[in-house]
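Novice: Sharing a structure with you now.
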Amino acid sequence: MSMENEIELVAVSARSSTFDATVETPTSQDTPRVETGNAALQSQEQLNDHQIEALPPVDGGKQAWLFLIGATYMETLIWGLPFSIGILHVYWTNTLFQGQGASAITLAATLQTGLLYMACAFFGPIFAAIPRWTKTLQVIGLIIGSVSMISSAFVTKPWHLIVTVGIFYPMSCACYFPCATLLFEWWHARRGFASGTMYAGTGVGGTVFPFIMQALLERFSYKAAMIALGLGYLVTGSIALIPIKRRIPLSRYDQDGISRIRPRIDWSFGKRKALWLGMMVIGVTSLGNFVPSLWLPSYADDLGLHSPNGTALVAILNAATAIGNGLLGYLSDKMSLRSTIFISCAGSAAACAFLWGFGKNSGVLVTFAIIFGLLGPSFSAVWSKIIHLVSRDDPAVTALTFSIFAFVRGVGNMSSGPISESLLKYDVLRGVIGAYGYKNYGILLIYTSVTILTGGAAGFFFNKIQSV
């Protein structure tokens, strides 16, 4: 082979590489012809003229950290209200609509969180089909979430809460979904840490929102409180959306705005055991993990606790969740998946069964809130490792798997509300030794503990599943 031909092959090979940079792939018409030594030199000069766009680094760097900060704040903003809904649940029940529409109020509270998860299954395919509209859809979702909170300030009947807070607020999932899925582009080796940090935003929001809402309700009025929350939601969320963007630009796949290469979905992921096992673990644990956040304020009110009251207990639980997400995310990077699941489920189930079950004073209930917050709601930090087993880092499959898991968790959350409310109608454990669970809460605590522990038992089967 002549020297000229060797140079030509090197040039074509370099120009075809797209692994770490965006370059222009040559066609048969613009491939340089090697006729003389000067022609070969000219071909090399043409190669050097091409602009190579290097991708930002993963697992660190300014843009990766800004993305994580923005995603964490969006997590705080979107999930802060649902994870502190127990405060509004008490206000709606005891003040705004006292003596009426208890079932509608509970449904609105559980719909908000449940549909927020389930909406991921709706928005996932939309973002995959029209990726150029990602930022636009995020802004639309932010506006809908803001309007839903402002409109809830003007409700006059319990069922109005179902429409405003229960149905429209979950559309803000359009704001949140890209934060969770694009994180897989920015973080790899430290993905557990990054996802745990982002999900910790839920705990931060759940810690801050109860005090904000309580202060607004006491100092102003319900109407002023919800309007202020809605406006603050819109303004701060718009700023946080700025660094939420792709690491791999769409120009890598598209040229001149016309799609030339579309990622194909490997639908065989639906046959992988990790997918079905993950759905089982997430679905069963979700039936119990949301119960404490919903009923702990009511439990504290029934006990007549004032220091701390129900608001403070929920805030403590959510603050522990912020730390727990980071902890479980870190452990998922260092330990086996089944060990991390066991620590989360066994610890949180035991806390429900014993600490909440026999908790009749503030000290025991504070201890319960801390332990359960560290290990229970923080289970979402383990998702990244399960998703990795299913998707094997295929971006399209990653988004679909996250959508499926979020939908399953939403079903569990929505089911836990009506189930728990029905269980509270039975007082079969009233008067037993130790008055377990106080009044009629005993059967609810057993249900919560059993569902979480069952999910942990299913997680043991992950030991037989390995990523390839």
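Novice: Please find, among 395, 377, the residue that is more than 18 Å from residue 279 (Cβ to Cβ), in contact (Cβ under 8 Å) with a residue 12 or more places away in the chain, assigned by TED's automatic domain parsing to the domain that holds residue 84 and surrounded by fewer than 23 Cβ atoms within 10 Å (Cβ to Cβ). Steps first, please.
Specialist: Values: 377 fails: surrounded by fewer than 23 Cβ atoms within 10 Å (Cβ to Cβ).
That would be 395, the only listed residue that is more than 18 Å from residue 279 (Cβ to Cβ), in contact (Cβ under 8 Å) with a residue 12 or more places away in the chain, assigned by TED's automatic domain parsing to the domain that holds residue 84 and surrounded by fewer than 23 Cβ atoms within 10 Å (Cβ to Cβ).
Novice: Give me a count of the residues in segment 59-74 that are of a type in the set (D, E, K, R) and farther than 13 Å from residue 195 by Cα. Explain how you work it out, then say what you get.
Specialist: Kept after step one, since they are of a type in the set (D, E, K, R), are these residues of segment 59-74: 59, 62.
Checking the rest, the ones that are also farther than 13 Å from residue 195 by Cα come to 62.
Residues that pass the stated criteria total 1.
This table checks each residue for (1) outside any helix (DSSP H, G or I); (2) aliphatic (A, V, I, L, M); (3) at pLDDT below 85; (4) not assigned by TED's automatic domain parsing to the domain that holds residue 388.
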position: 413; (1), (2), (3), (4): no, no, yes, no
position: 416; (1), (2), (3), (4): no, no, yes, no
position: 432; (1), (2), (3), (4): yes, yes, yes, no
position: 435; (1), (2), (3), (4): yes, yes, yes, no
position: 444; (1), (2), (3), (4): no, yes, no, no
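Novice: Could you say which residue among 325, 318, 309, 361 is in contact with an Asp or Glu (Cβ under 9 Å, 6 or more places away or on another chain) and on the phi < 0 side of the Ramachandran plot?
Specialist: Details: 325 fails: in contact with an Asp or Glu (Cβ under 9 Å, 6 or more places away or on another chain); 318 fails: in contact with an Asp or Glu (Cβ under 9 Å, 6 or more places away or on another chain); 361 fails: in contact with an Asp or Glu (Cβ under 9 Å, 6 or more places away or on another chain).
When all the criteria are applied, what remains is 309.
Novice: Here's another thing I want to ask about it. Take the conditions assigned to a helix (DSSP H, G or I), surrounded by 24 or more Cβ atoms within 10 Å (Cβ to Cβ) and modelled with pLDDT under 85 and apply them to residue 268. Does it pass? Give the steps one after another, and end with the answer.
Specialist: Details: assigned to a helix (DSSP H, G or I): yes; surrounded by 24 or more Cβ atoms within 10 Å (Cβ to Cβ): no; modelled with pLDDT under 85: yes.
No, not satisfied.
Novice: Does segment 77-123 hold any residues that are surrounded by fewer than 19 Cβ atoms within 10 Å (Cβ to Cβ), of a type in the set (S, T, N, Q) and part of a helix (DSSP H, G or I), and which are they?
Specialist: The answer is 94, 95, 103.
Novice: Conditions: (1) part of a helix (DSSP H, G or I); (2) of a type in the set (A, V, I, L, M, F, W, C); (3) within 20 Å of residue 301 (Cβ to Cβ). Residue 358 meets all but one. Number of the miss?
Specialist: That leaves (1) as the condition not met.
Novice: What do you reckon, is residue 333 surrounded by fewer than 19 Cβ atoms within 10 Å (Cβ to Cβ) and farther than 28 Å from residue 189 by Cβ?
Specialist: On the way: surrounded by fewer than 19 Cβ atoms within 10 Å (Cβ to Cβ): yes; farther than 28 Å from residue 189 by Cβ: no.
It is false that residue 333 is surrounded by fewer than 19 Cβ atoms within 10 Å (Cβ to Cβ) and farther than 28 Å from residue 189 by Cβ.
Novice: Being modelled with pLDDT under 85 and either under 29 Å from residue 58 (Cα atoms) or among the hydrophobic types (A, V, I, L, M, F, W, C) (or both) is true for just one of 178, 249. Which residue is that?
Specialist: 249
Novice: Output yes when any residue across segment 318-330 is in the same structural domain as residue 80 (by TED's automatic domain parsing) and touching a Pro at 6+ places or on another chain (Cβ under 7 Å), and no when none is.
Specialist: Going through segment 318-330, the residues in the same structural domain as residue 80 (by TED's automatic domain parsing) turn out to be 318-330.
Now restrict to residues that are touching a Pro at 6+ places or on another chain (Cβ under 7 Å): 321.
Scanning segment 318-330 turns up at least one residue that is in the same structural domain as residue 80 (by TED's automatic domain parsing) and touching a Pro at 6+ places or on another chain (Cβ under 7 Å).
Novice: Out of 349, 381, 369, report the one residue that is modelled with pLDDT under 85, within 30 Å of residue 300 (Cβ to Cβ) and either part of a helix (DSSP H, G or I) or under 17 Å from the mean Cα position of the chain (by Cα) (or both).
Specialist: Being modelled with pLDDT under 85, within 30 Å of residue 300 (Cβ to Cβ) and either part of a helix (DSSP H, G or I) or under 17 Å from the mean Cα position of the chain (by Cα) (or both) holds for just one of 349, 381, 369, which is 381.
Novice: Between residues in segment 99-126 that are of a type in the set (Gly, Ala, Ser) and residues that are outside any helix (DSSP H, G or I), which pairs lie under 9 Å by C-beta distance while being six or more apart or on different chains?
Specialist: Listed pairs, sorted by first residue: 101/157; 104/97; 104/157; 114/290.
Novice: If we scan segment 62-69, do we find a residue that is modelled with pLDDT of 85 or more, assigned to a helix (DSSP H, G or I) and within 27 Å of residue 408 (Cβ to Cβ)?
Specialist: Here is the first cut: in segment 62-69, the residues modelled with pLDDT of 85 or more are 62-69.
Imposing the further condition that a residue be assigned to a helix (DSSP H, G or I) reduces the set to 62-69.
Narrowing further to those that are within 27 Å of residue 408 (Cβ to Cβ): 67-68.
Taking every residue of segment 62-69 in turn, at least one turns out to be modelled with pLDDT of 85 or more, assigned to a helix (DSSP H, G or I) and within 27 Å of residue 408 (Cβ to Cβ).
The values are calculated or read from the model by the stated rules, or taken from the named source; none is laboratory data. These numbers come from a predicted model, not from an experiment. A quick note on method: Cβ atoms are made from the backbone with ideal geometry, for glycine too, and the neighbour counts reach across all protein chains shown.
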